[in-house]
Each structure stands twice: as C-alpha cells, then as structure tokens.
Amino acid sequence: MVKKGLSKTICYVLTSILIAVSSVGCGRSEPVSVNQTENAAEVISSEGSTGSGEEEKNDSSKIETEGAAVEDILAGMTTRQKIEQMMLVSYRIWKEIPQAGDEDVNKTVENAEGDTPGVNVTELNDVIREDVRNHNYGGTVLYAQNYVDAEQTLRLISDMQSTCVESGTLPMIIATDQEGGNVARVTFGTSGVGNMALAATGDPENAKKMAEVYGKELALLGVNADYAPVVDINNNPNNPVIGVRSFSDDPEKVSEYGIAYMNGLKDSGTIATLKHFPGHGNTDTDSHTGFPCIHSTYDELKSFELIPFQKLIDAGVDMIMTAHIQYPEIETQTYKSIANGEEVYLPATMSHTILTDILRKDMGFEGVIVTDALDMAAITDNFDPRDVIKLAINAGADMLMLPIIVDSDVFETTHEMTDAAVDMAENGEIDMEMVDASVKRILTLKKKYGILDKTDFEVTSEQVDAAKEGIGGESRNKAAMDLALQGITLLKNEDSAFPIKMNEGENTLILFADSGASRAGTVDMVKEHMEKNDLMPERAELSVLVNTKDNEEECLEAAKDADHVILIARTYSSDNLDPAAEDGFSSGVFDKVIDECHKDGRKVVFISCQLPYDAARFTEADAILLAYNSSAMSSIPPKEGAGSAFVPNLPVAICAALGFEEVSGKLPVDIPAMDDSYNFTDQILYESAN
C-alpha cells in the first residue's frame with residue numbers, strides 16, 4: 001500500500017497534463033385578470049430605423065470623460081449613445097452568410113459542404129473593429145471561443161478598448177462567465193472546483209480564495225466583470241441547468257458562501273454579478289431551451305429565493321443578472337407567444353414589477369441590472385425582438401445582452417435591435433427617464449472600477465509576462481486540487497468498503513456510465529502518475545471500461561474478473577437514471593454489477609462525479625463518494641494549444657477511492673429518496689450538513 005506521507009502530493013502531480021476540455025408556457029393555476037401586451041405591429045426592417053436616430057448613428061462627436069462628473073457625461077450624450085451604452089455585444093464566431101445574388105454563393109456553400117465555415121473571434125477583423133468604432137456599446141461578453149492564450153486575449157481586449165478610446169466612445173465593460181467548475185470560459189486559466197464543491201469544504205473562506213484566483217486572472221487579461229457568483233438555491237434535484245453551480249439548497253449557506261465569493265472578486269478589482277434574479281434553482285426547465293415557470297408568491301420568494309440576493313445587496317454587490325422565468329403569482333401581464341399564439345407571462349427579465357418594484361424599491365438595489373442572454377429559447381421562441389427590447393428597458397433592465405454573434409446575419413440583427421431601441425426611445429415607446437437612469441448607473445459603475453477614466457489600453461511586454469506567469473499554471477492548479485480534496489464527501493461506507501486496498505497483482509475496474517464517457521481519460525492520467533511515482537502495487541492494474549447500451553455482457557464479465565470495482569456516473573435528471581429510458585445510460589448494468597460483486601463478497605464504490613443526487617439511485621453500493629464536478633478530457637496528452645484548464649474534482653475522488661487521500665467534505669444539499677419509477681420523492685435519504 002501507498003504510504004500516507006504521499007497523501008498531499010499524489011493528486012498535485014496530476015496538474016501537469018490534465019485538461020478540460022418543455023417547454024413553452026406554464027399555464028395558469030387559476031384564471032387571472034391580465035393586462036394584455038400586444039405584439040408590435042412593425043417588424044424590424046433589414047435597413048434599421050429611420051429618422052433622427054439614423055443621423056445620430058454616424059455622429060462622430062466624442063464623449064468627453066476626463067475629469068467629468070457622471071451627470072455631465074450623461075447630459076452630453078445623444079439618445080443613440082445612451083441606448084448603445086445599454087447594449088452588450090458578443091463577437092463569438094465570425095461566419096459570412098452568402099446572400100441571394102452573390103456571385104460566389106453556390107461555390108461558397110458547396111465548398112463548405114452545405115454550410116459557410118466560421119472562425120472563432122480571437123482578434124478583431126475589419127468589420128468588427130469598425131462596429132466597435134461606430135457604436136457606443138456599453139460592454140462585450142467573451143466566451144471560450146475568444147480565448148486562446150494570455151497574450152492573444154490581452155491584445156484582443158486591448159484592441160477593443162483602444163478602438164473605443166480612439167473613436168471617442170466609452171471604454172467597455174469586458175465580461176465573461178468564470179463561475180468555476182464546469183462553467184469556466186478562460187480555457188487556459190484556473191477552472192477551479194465549482195460552487196457546490198466549495199460549500200462542501202465547510203469553509204466560506206475557500207469560496208473567497210477561489211474567487212480571488214478567478215478575479216486576479218481576469219484582471220491580468222483586461223476582463224473587468226465576472227458573471228458570478230451564482231446565488232440560486234438548488235432546491236429542485238431535477239434542475240437541469242443550475243445543479244452544482246449552486247452552493248447549496250439552504251438560503252443561509254448560499255448567502256454566506258456567495259458573500260465570500262463576491263468579496264474575493266471585489267478584492268481583485270473585478271465586478272461581481274449575482275445570477276439569476278429572482279432565482280433559477282427551483283425549476284425543472286432550462287431557460288436556454290424552454291420557458292421555465294415558478295408558481296411561488298412574492299412572500300414565498302422573500303422567505304427563500306430572495307434571501308441570498310438581499311444579503312448580497314446589503315453587502316454591496318454591484319451587478320445582478322435577470323432570469324428568463326415566468327412568475328405568474330407576481331407578474332400577471334401576459335403576451336401572445338409568437339410560436340403558437342398562446343398567452344405566456346412576462347418573464348422576470350421583462351417584468352417592471354420584479355425588476356423595479358421588487359428589486360429596486362423593495363430590496364434597495366442601486367447597481368446595474370443586466371439581462372441574461374436575449375437569444376435563449378425562452379425569449380426567442382416567444383417574443384418579437386422589438387418587444388423584447390422595449391419591455392426589458394421599460395421594466396428596469398440597464399444592460400441588454402444582445403444575441404451572441406455567430407454569423408453575419410446575427411451581426412446585422414444586433415444593429416437592427418439597437419436601431420429599433422433608438423427609434424422607440426425617440427417616439428416615446430421606451431421611457432427616456434428609464435434610459436437616463438440606466439445609463440447613469442452604468443457610468444457610475446464604470447467610474448467606480450476605473451474603466452471610465454482609463455485612456456491607455458496598450459499592451460506592454462510586462463503585462464504579457466505577468467499574464468503568462470499569473471494565469472493558470474501548476475501553483476494555482478495545486479490550490480484548486482487542495483480545495484477539491486476538501487470538498488470530496490464520503491456519503492456512505494459499509495464494512496470499510498472505502499478506501500479500496502489494492503494488493504499485489506490485483507485489478508481494479510473503473511466502470512463509467514456512458515453519460516460520463518468523456519471523463520474516462522481521467523483514469524489514464526491517474527494510472528500514469530501512479531506508475532510514474534511508484535504508487536501502484538506490483539503487478540496491480542487499473543482497467544477502464546465505458547458502459548453503453550450495447551456492451552452489457554462485456555461490463556459484467558469485466559466486473560466478475562476484477563478484484564475491486566469503482567462505478568462512476570454523471571447524470572442530470574431522474575430520467576437519465578432510469579434503465580428503461582431511451583436517452584439514459586444503461587444504469588441497469590450498474591445494478592447487475594453491484595449484485596454480481598455482492599455474490600462473492602466483493603465491495604463496490606460508487607462515485608457521483610457531478611450531481612450528488614445520483615447517490616439516491618445506487619443505494620446498494622457499499623461506499624458512495626461525491627465529487628460535485630468533473631472535467632471532460634478531450635485528449636491525452638493535451639493537444640497543442642488546448643490550454644491547461646481542468647476541473648480537478650474527479651481525479652481527486654479517484655485518488656481518494658484508491659486510498660491515496662483522506663476525505664472530509666460535508667454534504668451541502670439534502671438528497672431525496674427515489675421511488676420505484678426513479679422519480680425523486682419528498683422523503684430525505686441523506687440530510688445535508690447545514
């Protein structure tokens with residue numbers, strides 16, 4: 001067996017080569033009296049708006065900011081400049097869409113096998129640079145496609161900000177989603193462990209430490225805003241989009257860790273952004289693909305979902321992101337869905353009651369409200385684009401996240417939406433008092449974080465060196481590994497099944513469900529490092545197999561031949577845990593493997609590598625270990641230029657299962673029992689450590 005003196009080093013050596021790589025409407029609980037919003041009669045034309053807004057569009061007058069008060073800057077801005085300051089653009093992929101009449105249209109499509117090829121926007125092309133130059137966009141959002149390495153990212157952001165300064169527009173808020181865990185856009189940075197794993201460590205200071213790492217790395221790149229932390233309370237185990245992105249199902253714990261996380265970002269000079277107001281935890285629908293609905297009353301929200309938001313507002317948060325969720329007990333105004341003509345309720349993003357009456361007046365939030373992406377299905381499937389802009393601004397949203405640009409058609413759509421907003425502001429459909437208040441908040445935020453007054457965005461060699469040295473790398477990955485280890489939770493351990501005690505010549509089978517197949521490469525790395533560091537007993541072996549719907553016999557035979565068995569699953573809902581579900585993995589094979597091992601007295605360790613709720617499905621396992629996150633391993637060894645980011649939770653959990661690490665994590669959520677149909681019940685199987 002491995003000596004315990006190695007327990008603090010075994011997982012650290014992994015850092016050198018690991019990488020990361022429904023639906024519409026909700027129906028009413030009872031008939032209600034509603035104020036019907038009519039769809040806009042005027043469709044946004046491809047030529048954009050007309051009138052004075054079009055003249056302002058090409059206005060080259062500079063916005064003077066040096067030494068100026070926010071009120072004076074605002075007073076000197078045109079309507080178009082104000083509206084554009086409220087817009088967030090995302091240049092994610094550049095893809096030219098051939099138009100009818102183009103000489104080479106047929107040739108282009110044929111060469112692309114039916115599609116026009118696109119390229120990631122890792123530098124400004126002439127069209128995008130001109131767009132930044134001619135518009136006063138308040139900010140931009142960067143995605144994984146925008147990141148290659150530290151120097152490239154520095155120069156991309158420098159080019160954007162310098163173009164703003166040179167053309168007389170205002171420097172932008174540069175934002176990204178660097179939550180940590182499985183939502184980490186900076187591909188070469190420190191991905192960390194995810195929020196639920198941080199809460200499982202039992203120490204809020206760890207959330208602050210992790211957020212400080214993110215904030216410092218973002219600051220070195222020129223990113224000044226992080227769309228984090230998530231303070232949704234994940235009290236629905238069937239939630240398909242939040243899950244381990246949440247700290248806990250307890251509002252007090254979410255608040256405590258959320259404040260620590262926020263302070264970690266603020267201490268690094270990075271704007272923190274709470275999401276998703278007024279709460280996305282109690283849903284079983286993803287607003288990216290459907291239109292969630294929550295039938296909670298305002299009093300119910302105040303007693304639960306709104307607690308973390310209120311506590312972080314009181315603690316000084318600067319930005320909050322809205323949720324595209326219907327709350328029919330709070331916002332009763334409806335809209336005829338463009339998809340089918342059925343009435344849907346206005347989501348929080350477009351609700352004056354929720355954003356202005358509740359968030360502003362009742363909760364006292366004075367910072368910037370930013371919408372979630374306006375190209376998510378909850379919005380695009382139901383609302384006319386012109387109405388989206390009008391309703392969101394009049395509701396109280398300060399910054400609107402326009403559709404993510406993936407081709408030249410979407411690029412033009414962003415112009416059309418902006419032009420439509422200017423047109424509506426000028427004809428009175430959009431309240432200019434709301435616009436002025438929003439822009440004042442945006443300018444105040446930029447002033448607070450030194451964005452507004454900065455004029456020199458040139459990249460120096462010292463900045464490049466600092467970013468290369470300070471982003472990602474072994475030391476920060478080691479810190480993340482340590483936090484991952486503190487969060488690994490031993491939920492069950494019968495007859496000392498954990499840890500596995502491998503002897504000479506023994507074989508341990510690590511069997512992955514197909515929902516976690518891309519994670520199997522993690523074991524290759526663990527095995528390689530065990531062998532390299534003489535941690536593997538003589539003639540012992542780690543074998544890896546992925547369970548699919550077609551290899552049941554192979555899995556059972558492998559389990560029969562193995563001395564020890566570890567099962568690993570990564571699922572998102574009870575449907576995927578049903579062995580009869582067409583879209584689920586063959587979890588019935590896991591049941592048979594457990595039974596086969598028990599026949600001759602062998603033990604089985606189950607690792608839930610994502611949602612802890614999976615533990616309720618495999619209660620017959622002798623030991624259950626929770627990792628709370630995992631990373632897809634895209635290639636072994638890493639492909640050239642693929643970056644160094646990875647999520648350390650799963651490799652640490654495997655190390656622990658093999659006896660190389662001691663675990664001390666505390667369960668941060670209740671895990672409900674399942675019924676015979678694999679649906680979660682009201683009975684609590686494992687209680688949280690709250």
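The values are calculated or read from the model by the stated rules, or taken from the named source; none is laboratory data. What you see is a predicted model; the values in this text were computed from it and never measured. Note that each Cβ is placed from the backbone with ideal geometry, even for glycine, and that neighbours are counted across all protein chains shown.
Observations, loosely collected:
- Residues that are surrounded by fewer than 18 Cβ atoms within 10 Å (Cβ to Cβ) and farther than 17 Å from Arg441 by Cα within the range 311-323 comprise Asp314, Ala315, listed in sequence order.
- Under the condition of being over 20 Å from Arg185 (Cβ atoms) and not in a loop (DSSP other than H, G, I, E, B), the residues counted in the range 119-131 number 5.
- Among the residues of the range 366-375, those identified as in contact with an Asp or Glu (Cβ under 9 Å, 6 or more places away or on another chain) and of a type in the set (A, V, I, L, M, F, W, C) are Val368, Ile369, Val370.
- Residue match in the range 255-271 (condition: buried (at least 24 other Cβ atoms within 10 Å of the Cβ) and in contact with a His (Cβ under 8 Å, 6 or more places away or on another chain)): no
- Residue ID - surrounded by the fewest Cβ atoms within 10 Å (Cβ to Cβ), chosen from residues in the range 593-608 that are assigned to a helix (DSSP H, G or I) and of a type outside the set (Val, Ile, Thr): Lys599
- Lone unmet requirement of (1) at pLDDT 90 or above; (2) in contact with a helix residue (DSSP H, G or I) (Cβ under 6 Å, 6 or more places away or on another chain) for Tyr678: (1)
- Flag if Gly487 is more than 25 Å from Ile624 (Cα to Cα) and either outside the structural domain of Met86 (by TED's automatic domain parsing) or not hydroxyl-bearing (Ser, Thr, Tyr) (or both): no
- Hits in the range 191-207 - residues which are in a helix (DSSP H, G or I) and within 19 Å of Ser608 (Cα to Cα): Asn195, Met196, Ala197, Leu198, Ala199, Ala200
- Matching entry among Glu538, Glu528 (being surrounded by fewer than 21 Cβ atoms within 10 Å (Cβ to Cβ) and closer than 19 Å to Asn503 by Cβ): Glu538
- Among the conditions (1) at pLDDT 95 or above; (2) of a type in the set (D, E, K, R); (3) part of a loop (DSSP other than H, G, I, E, B), the only one that Asp453 does not satisfy is (1).
- Scanning the range 247-268 for residues that are in a loop (DSSP other than H, G, I, E, B) and closer than 19 Å to Lys302 by Cβ, we see that the one that is nearest to the chain's Cα centre (by Cα) is Ser248.
- Any hit, the range 649-666, residues being basic (Lys, Arg) and modelled with pLDDT under 95: no
Residues checked against (1) among the hydroxyl-bearing types (Ser, Thr, Tyr); (2) closer than 15 Å to Ile271 by Cβ:
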| residue | (1), (2) |
| --- | --- |
| Ala219 | no, yes |
| Asp226 | no, yes |
| Ile233 | no, no |
| Pro237 | no, no |
| Pro240 | no, no |
| Ser246 | yes, no |
| Asp249 | no, no |
| Glu252 | no, no |
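Residue-wise test of (1) among the acidic types (Asp, Glu); (2) surrounded by 12 or more Cβ atoms within 10 Å (Cβ to Cβ).
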{"residue": "Asp436", "(1), (2)": "yes, yes"}
{"residue": "Arg441", "(1), (2)": "no, yes"}
{"residue": "Gly450", "(1), (2)": "no, no"}
{"residue": "Phe457", "(1), (2)": "no, yes"}
{"residue": "Asp465", "(1), (2)": "yes, yes"}
{"residue": "Ile471", "(1), (2)": "no, yes"}
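- Across the range 465-477, the qualifying residues are those that are more than 12 Å from Ala150 (Cα to Cα) and more than 23 Å from the chain's Cα centre (by Cα), and the one among them that is modelled with the highest pLDDT is Ser475.
- Test: residue in the range 368-376 that is at pLDDT 95 or above, farther than 29 Å from Pro237 by Cβ and not aromatic (Phe, Trp, Tyr): yes
- Selection within the range 404-415 - farther than 15 Å from Asn134 by Cβ and in a helix (DSSP H, G or I): Ser408, Asp409, Val410, Thr413
- One residue from Asn503, Asn477 being outside any strand (DSSP E or B) and crowded, with 19+ Cβ neighbours inside 10 Å: Asn477
- Among the conditions (1) in a helix (DSSP H, G or I); (2) farther than 21 Å from Met401 by Cβ, the only one that Thr153 does not satisfy is (2).
- Number of residues in the range 609-627 that are assigned to a strand (DSSP E or B) and at pLDDT below 95 equals 0.
- Residue check for Glu151: over 30 Å from Ala627 (Cα atoms), among the acidic types (Asp, Glu) and out of contact with any Gly (no Cβ under 7 Å at 6 or more places or on another chain): yes
- Look at the range 193-218: where a residue is closer than 17 Å to Leu274 by Cβ and a partner is surrounded by fewer than 24 Cβ atoms within 10 Å (Cβ to Cβ) and among the small types (Gly, Ala, Ser), sitting 6+ places away or on another chain with Cβ atoms under 6 Å, you get Pro204/Ala260; Ala207/Ala260; Lys208/Ala260; Gly215/Ser268.
- Verdict on Val244 being at pLDDT below 95 and either assigned by TED's automatic domain parsing to the domain that holds Tyr327 or not in a helix (DSSP H, G or I) (or both): yes
- Every condition in (1) modelled with pLDDT of 95 or more; (2) touching a helix residue (DSSP H, G or I) at 6+ places or on another chain (Cβ under 8 Å) is met by Asp357 except one, and the failing one is (2).
- Filter pass, Thr169 being closer than 24 Å to Asp419 by Cα, polar (S, T, N, Q) and either not assigned by TED's automatic domain parsing to the domain that holds Thr444 or not in a loop (DSSP other than H, G, I, E, B) (or both): no
- Residue ID - farthest from Val231 (Cα to Cα), chosen from residues in the range 318-374 that are hydroxyl-bearing (Ser, Thr, Tyr) and part of a loop (DSSP other than H, G, I, E, B): Ser337
- Single match in Glu553, Glu538 (criterion: of a type outside the set (Lys, Arg) and part of a helix (DSSP H, G or I)): Glu553
- The lone exception for Ser644 - which of (1) under 18 Å from Ala520 (Cβ atoms); (2) modelled with pLDDT under 90; (3) under 24 Å from the mean Cα position of the chain (by Cα) it fails: (1)
- Qualifying residue in the range 183-190 (condition: in contact with a Gly (Cβ under 7 Å, 6 or more places away or on another chain), closer than 30 Å to Ser664 by Cβ and surrounded by fewer than 24 Cβ atoms within 10 Å (Cβ to Cβ)): no
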